[in-house]
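The values are calculated or read from the model by the stated rules, or taken from the named source; none is laboratory data. It should be emphasised that the depicted structure is a prediction, and the values quoted were computed from it without experimental measurement. Note that we place each Cβ from the backbone using ideal geometry, even for glycine, and neighbour counts take in every protein chain shown. In case anyone asks, the SASA skips ligands and DNA or RNA and just uses the protein heavy atoms, side chains included. Shrake-Rupley method; radii C 1.70, N 1.55, O 1.52, S 1.80 Å.
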Amino acid sequence: MPADNLASLLAAATARLKAAGSDTPTLDARLLLQAVAGLTREDLILGPDWPLMREQLAAFEGFVARRERHEPVSRILGEREFYGRVFMVTPATLDPRPDTETIIEAALAVMPKGASLLDLGTGTGAIAITLLAERPDATGMATDLSPEALAVAASNAARLGVGDRLTLLEGSWFAPVSGTFDIILSNPPYIPAGEIAGLAPDVRNFDPTLALSGGADGLGPYRVIASGAASHLGEGGHVLVEIGAGQADDVEAIFAAQGFQTAGRHHDLGGHTRCLGFNRT
Ligand code: GLN
């Protein structure tokens, strides 16, 4: 008999999401239930017999149905936790991934005191905002082609208390940028255009194509970043880019052609080379 207490709702939703192919059905169901009920994880453990109100039940049913159609939990809830902070996510922005925390760790290790940083293709602002929040002495600039994404980044920057240290500029890569920086970073779109159709529906149908496609070979943005970095990197500065699977050698060759040497290969939690660091030879 279907009951409407927390424990039975959680169990039923978990079974549905598992059947729909989610890799993380238990976590998904819990996060969606916590959101509709306004409860913490502890509340769910302590009060498995609590019932939900009718409107909460309807909202939960709607959320579970969306997740069954492969919409990521972060998009259903409109937010995602990244490096311990909550970022607003909209259809105009890439959903920041845990793998991107690799570039954060790599940047924190090389940022000088009072660093100036430039984040190209900032999306939600996850990279620039996280670094500014971690380093209150740093200032930054971030660009994006999408004005809608920049509005999201502005809102995230204000809410996370770094709005006064971050300048957001609309335009392609370095086009709106002048000056030099201690750290230039980017998690650019790097999927070869022909592979987008074969991505999981959770990605293909919900992340903006603009944020995914790196052109025919997936490397187009790295060519633009390497050539622009040659004139925008300050003395002793570092460039850090996130890369896709198997792209390390090609991206290193692109940067070498612009006079950069590899300063580090950084691995994600899955052991893949996820971020490359460069400085000048
Ligand atoms: N810089 C943003 C992020 O890492 C957006 C990246 C993108 O849209 N490709 O989440």
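Data table
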{"quantity": "Qualifying residues in the range 163-173 (those that are within 15 Å of the ligand (Cβ to nearest atom) and touching a helix residue (DSSP H, G or I) at 6+ places or on another chain (Cβ under 6 Å)) - the one nearest to residue 107 (Cα to Cα)", "calculated": "166"}
{"quantity": "Given (1) at pLDDT below 95; (2) part of a helix (DSSP H, G or I); (3) open to solvent by 50 Å² or more (accessible area, probe 1.4 Å), index of the condition residue 9 fails", "calculated": "(3)"}
{"quantity": "All positions within the range 220-252 that are open to solvent by 10 Å² or more (accessible area, probe 1.4 Å), in contact with a helix residue (DSSP H, G or I) (Cβ under 7 Å, 6 or more places away or on another chain) and under 14 Å from residue 117 (Cα atoms)", "calculated": "238"}
{"quantity": "Among (1) among the acidic types (Asp, Glu); (2) in contact with a Gly (Cβ under 8 Å, 6 or more places away or on another chain); (3) within 16 Å of the ligand (Cβ to nearest atom), the one test that residue 79 misses", "calculated": "(2)"}
{"quantity": "Matching residues, the range 166-202, being at positive phi and either among the β-branched types (Val, Ile, Thr) or open to solvent by 30 Å² or more (accessible area, probe 1.4 Å) (or both)", "calculated": "173, 179"}
{"quantity": "Hits in the range 138-164 - residues which are open to solvent by 50 Å² or more (accessible area, probe 1.4 Å) and touching a strand residue (DSSP E or B) at 6+ places or on another chain (Cβ under 8 Å)", "calculated": "139, 145, 147, 159"}
{"quantity": "Failed criterion for residue 246 (all others in (1) in contact (Cβ under 8 Å) with a residue 24 or more places away in the chain; (2) assigned to a loop (DSSP other than H, G, I, E, B) hold)", "calculated": "(1)"}
{"quantity": "Near pairs, Cβ below 9 angstrom, 6+ apart or cross-chain, from the range 163-191 (farther than 24 Å from residue 137 by Cα and outside any loop (DSSP other than H, G, I, E, B)) to any residue that is among the small types (Gly, Ala, Ser) and within 15 Å of the ligand (Cβ to nearest atom)", "calculated": "170/146; 191/213; 191/214; 191/218; 191/244"}
{"quantity": "Of all residues making up the range 112-135, the number that are in a helix (DSSP H, G or I) and either in contact with a Leu (Cβ under 7 Å, 6 or more places away or on another chain) or small (Gly, Ala, Ser) (or both)", "calculated": "8"}
{"quantity": "Qualifying residues in the range 30-84 (those that are over 28 Å from the mean Cα position of the chain (by Cα) and among the small types (Gly, Ala, Ser)) - the one modelled with the lowest pLDDT", "calculated": "47"}
{"quantity": "Members of the range 203-218 found to be open to solvent by 40 Å² or more (accessible area, probe 1.4 Å) and either on the phi > 0 side of the Ramachandran plot or more than 14 Å from the ligand (Cβ to nearest atom) (or both), listed by number", "calculated": "204, 205, 216, 217"}
{"quantity": "Among residues of the range 194-224, those that are in a helix (DSSP H, G or I), farther than 15 Å from residue 254 by Cα and touching a residue at least 24 places away in the same chain (Cβ under 8 Å), counted", "calculated": "5"}
{"quantity": "Filter result for the condition that a residue is open to solvent by less than 20 Å² (accessible area, probe 1.4 Å), of a type in the set (Val, Ile, Thr) and near the ligand (Cβ under 9 Å from one of its atoms), over 130, 122", "calculated": "122"}
{"quantity": "The range 83-107, residues that are open to solvent by 50 Å² or more (accessible area, probe 1.4 Å), among the charged types (D, E, K, R) and out of contact with any Leu (no Cβ under 9 Å at 6 or more places or on another chain)", "calculated": "97, 105"}
